[in-house]
Structures are given as structure tokens and as C-alpha cells.
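Just below is one structure, and these are the notes that go with it.
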Amino acid sequence: MHGGVLAGWLMVALCAVSGAYCLLRTRTGTPQERSTARGEALMGFGMAAMAVPAAVLALPEWAWAVYGAVFGAAALRALWSARRGARHLHHLVGSLAMVYMAVTMAPGTAGAGWHAGHGAAAGGAGGIPLLTGVLLFYYALYVLRSAGHLIPAETGVASFAGGSTEGVVRRGGGGVVIGAEHGGTELTMACRLTMGIAMFAMLLTL
């Protein structure tokens, strides 16, 4: 993505792997857990496609409209699902962020140069600065909190990063796993952290 073709392919790989793992999670768990996994898989693959370097594959104009429609529908679904749990609010924010980036990067808009040139310098700052800043702030906090959940609680760093020891199950060897009601396995949390970092990086270039 920004910073050259190599950085772009690295982002593609990380998001695609995260999406693939989320897709595997759709085969197990409760109906709600499978639904959550499907939404996260869509987000992972969507970000992977958006991060493909334009020097290799330039998305056609209609692709941005498809992005807006798909993630607009995902946002509505997350809004409806939010009645059952606050976790869906994060999916709502993520879907709306994808719609926002698709609109910003569509040909003819101020941020269109972002995808074409892998940097704001290519086409000037795009989007609404205040909205971009709010999303960056949200994802910065999300990344810190997710990282805190992955750090063993006894180190004391987890609390500093916003992690909570509630729902953490200790096991032999000093490792920890997050209880199912707090996000599932460490690998699931790591995938969510990866996608959070990717979203922050993509927003940072607008």
C-alpha cells in the first residue's frame, strides 16, 4: 500500500491471512460466533483487495461503488445486530470506515491519488480531516486494547495498554487465553489486532 509495492503486498498478505482464518472459524462455534466470523472474514478480504498496489492492479471505477454497497449493507447488518451485543458496534465502525475509504478513493475525489500513488502526496489529503482523525483515534485505542489482551496479565503491561484480566484463563507455562465471552483464542485476538493495525495504516494515508 503506501510506502511502496512491498509494503502493499505485506498488507495484502496480512489481511488475506486474517480473512482466511476468520473464514475457517465460520465452521465452528455458536450461530452468533459464526456470524461474527463471517463479518470479520469479509472485512479482512475487503481490506486485502483495497491494499493491492495500483501499479500491479488498478481497480476499475465500478469497484468502489461495489465496495460502498457491500460494506454499506454490512454496516446496516451490524447496526441491527448491535441490539444483541456491543461487540457489533465495532463491526459497524469498521464497515462505515470501509465505505468512507471507498468514497474517498473513488476516481474524481480528492483522495483518489491515495490508491493510485500509495500516498497522500500523490493526490493531496482526501476525505474529511475531522472524521479521519476520529477514526484514527478509535483504531489507535482499539489496537492498544487488543494488544493489552494478548499480553500476559502478570507482566503489568496489559493494564497499561488497556487490557483487562477479566475472563482471562491462566494455563500451564504462564500462557493465557481469553475466555470465549471476551473474544476467543489468542489467534482470534491476533487476527483482530492485525486488521485493526491495517485499518489504522490505511486511514493514516488519507
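The values are calculated or read from the model by the stated rules, or taken from the named source; none is laboratory data. This one's a predicted model, so the numbers in the text were calculated from it and none came from an experiment. In this analysis, Cβ positions are derived from the backbone assuming ideal geometry, glycine residues included, and neighbour counts consider all displayed protein chains. Note: areas computed on protein heavy atoms with side chains; ligands, DNA, RNA excluded. Shrake-Rupley method; radii C 1.70, N 1.55, O 1.52, S 1.80 Å.
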Please list 3J(HN,Hα) in residue order for the stretch 25-30, calculated via the Karplus relation 6.51 cos²θ - 1.76 cosθ + 1.60 where θ = phi - 60°; whole Hz, with x for glycine and proline. 5, 6, 8, 9, x, 6
Heavy-atom accessible area per residue, the stretch 55-112, 1.4 Å probe: how many Å²? 53
So, with +1 on the Cβ of K and R and -1 on the Cβ of D and E, and no other charges, what is the size of the charge dipole of the stretch 1-91 about its Cα centre, to the nearest 20 debye? 480
Per-residue HN-Hα couplings for the stretch 61-78, Karplus 6.51 cos²θ - 1.76 cosθ + 1.60 at θ = phi - 60°, whole Hz, x for Gly and Pro? 4, 5, 4, 5, 5, 5, 3, x, 5, 5, 7, x, 5, 5, 5, 5, 5, 5
Residues whose modelled amide H sits under 5 Å from the amide H of G127, counting only those 5 or more places away in sequence or on another chain, are A110, G111
At 1.567 mPa s and 4 °C, Stokes diffusion of the stretch 1-113 via Kirkwood alpha-carbon radius, µm² per second: 88
If you plug each phi of the stretch 188-195 into the Karplus form 6.51 cos²θ - 1.76 cosθ + 1.60 with θ = phi - 60°, what whole-Hz ³J(HN,Hα) values come out, in order, with x for Gly and Pro? 4, 5, 5, 5, 5, 5, 4, 5
By accessible area (1.4 Å), largest first, R192, R84 order as R84, R192
